[in-house]
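The values are calculated or read from the model by the stated rules, or taken from the named source; none is laboratory data. Since we're looking at a predicted model, the values are computed, not measured. Note that each Cβ is placed from the backbone with ideal geometry, even for glycine, and that neighbours are counted across all protein chains shown. Areas reflect the complete protein model, heavy atoms only, side chains present, ligands, DNA and RNA absent. Shrake-Rupley method; radii C 1.70, N 1.55, O 1.52, S 1.80 Å.
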Amino acid sequence: MSKLQNMRLDKLLANLGYGSRREIAMLAQTGRFLLDGARIARVDERIALSDDLPTRLTYLGEELDPLPGCVVMMHKPLGVTCSHKEAGERVYALLPDRWQRRDPPFSTVGRLDKETSGLLLLTDDGAFLHNVISPKRNIAKKYRATLDRPLRGDEVALFAAGTMMLEGEKTPLLPAVLEVASEREAVLTITEGRYHQVRRMFAAVGNHVVSLHREAIGGLVLPDHLEPGEFMVMDEAEKAIIFG
Ligand code: URA
């Protein structure tokens, strides 16, 4: 259930990107929105943000968009960016148009580089975002890296030591777990989210990451059925898996 208990109908719908409050009033008047199958007489009334609201409140016969407090799991494709500063298509453009007009807007939960693919979470829920990225929580992030050169053999111990320093940083990295898959492929689990961390860790041991893919965040593994560019809204049970 969403944390917001109830809200003015026109504000809710405007915040979900359906239009301005004036437009919402007109759309309601003409029967575009229906509540429990009936035309909405007053859009200035408050409505409980119950879990079943999206099925009860329809727009052009379709279920309402996810209520505020939404978490989206995306399979980020290569070549799209999480940052507003970087040039190129943004991950937000992969969401439906209306979702891009929401207030509060979706933010990515941490970032993946433009040339990193895999599991990316987006949310409008500030508390959720904080819980996932907070250093206090130590949520593990698992990356599969393909490397330019064969592994040397000392990387597992170096990454696990908790003493490794990245260039330009003042504190050592927390211990990380490296599982070697083959000469040039490894799965690295880190609990921090420093800038370009995985690429810089391999650079620090004289290697170069050729491809990088995030497979998991906490207990949540990117499902095989989610193709690059696809996304799904997570329910409470799925969200809990992250912290489990
Ligand atoms: N580390 C990186 O170097 N890049 C990412 O996208 C994520 C972690």
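How much length is gained if the chain between residue 160 and residue 98 is pulled fully straight, taking 0.36 nm per residue apart and subtracting their Cα-Cα distance, in nm to one decimal? Each step should come with its number before you reach the end.
Values: separation 62, 0.36 × 62 = 22.32 nm, distance 4.46 nm.
That pair, residue 160 and residue 98, stretches by 17.9 nm at full extension.
Report, for the chain, the % of DSSP beta bridges that are antiparallel, rounded to 5.
Close to 90 percent.
Protein chains only, probe 1.4 Å: how do 114, 136 rank by accessible area, largest first? Don't skip to the answer; put the middle values down first.
Values: 114 60, 136 190 Å².
Largest accessible area first, the list is 136, 114.
Segment 111-186: which chymotrypsin sites (Phe, Trp or Tyr not before Pro) are DSSP loop and have at most 13 other beta-carbon atoms within 10 angstrom?
For chymotrypsin sites (Phe, Trp or Tyr not before Pro) across segment 111-186 that sit outside H, G, I, E and B with at most 13 neighbouring Cβ atoms in 10 Å, the list is empty.
Take the residue pairs 170/239; 11/136; 85/136; 11/141; 85/142 and return only those whose Cα atoms are more than 30 Å apart.
Beyond 30 Å: 170/239; 11/136; 11/141.
Check cross-link reach from residue 114 to the aspartates and glutamates: straight Cα distance under 14 Å, and skip same-chain residues fewer than eight apart.
Leaving aside aspartates and glutamates fewer than 8 places away in the same chain, those within reach of residue 114 are 86, 89.
Quick one: if the Förster radius is 41 Å, what FRET efficiency do residue 232 and residue 29 give, using the C-beta to C-beta distance and rounding to 0.05?
Taking R0 as 41 Å, the efficiency between residue 232 and residue 29 is 0.75.
With the crude spin-label approximation of a point 7 Å out along Cα→Cβ, what separation in nm comes out for residue 138 versus residue 84?
Going from the residue 138 label point to the residue 84 one covers 3.4 nm.
Could you work out how much longer the chain between residue 50 and residue 195 gets when fully extended? Use 0.36 nm per residue separation minus the Cα distance between them, nm to one decimal.
48.3 nm
Can you give me the Kirkwood hydrodynamic radius for the chain, using every pair of distinct Cα atoms, in Å to one decimal? All intermediate terms of the calculation are to be shown ahead of the outcome.
Values: mean 1/r = 0.0499 Å⁻¹.
Result for the chain, one decimal place: 20.0 Å.
Using the Cα gyration tensor of segment 1-58, with a ≥ b ≥ c the square roots of its eigenvalues, what is the shape: rounded (a/c below 1.5), prolate (a/b larger than b/c) or oblate (neither)?
The shape class here is oblate.
If contacts are Cα pairs under 8 angstrom and at least 6 residues apart, what is the relative contact order of the chain in percent?
Across the chain, relative contact order equals 19 percent.
Can you list which of the GluC sites (Glu not before Pro) found in segment 26-82 are DSSP loop residues with at most 15 other C-beta atoms within 10 Å?
When the GluC sites (Glu not before Pro) of segment 26-82 are filtered for loop state and at most 15 Cβ neighbours within 10 Å, 45 remain.
Per the helix-only calculation at 222 nm, which mean residue ellipticity applies to the chain, given -39500 (n - 2.57) for every DSSP H run of n ≥ 4 and division by its residues, nearest 500 deg cm²/dmol?
It lands at -5000 deg cm²/dmol.
Please compute the length gained on full extension between residue 146 and residue 107, using 0.36 nm multiplied by the number of residues separating them and subtracting their Cα-Cα distance.
Going from the current span to full extension adds 11.2 nm.
I'd like to know which of 24, 151, 116 lies farthest towards the positive end of the charge dipole of the chain, counting +1 on Cβ of Lys and Arg and -1 on Cβ of Asp and Glu.
Sorting the options by dipole projection puts first 24.
Where only protein heavy atoms count, and the probe is 1.4 Å, what is the accessible area per residue for the chain in Å²?
Per-residue accessible area for the chain comes out at 52 Å².
With a 1.4 Å probe and all protein chains kept in place, how much accessible area does residue 103 have, in Å² rounded to the nearest 10?
90 Å²
With a 1.4 Å probe and every protein chain kept in, tell me what percent of the accessible surface of segment 141-217 is carbon plus sulfur.
Working: 2210 of 3970 Å².
Exposed carbon and sulfur together represent 56 percent of the surface.
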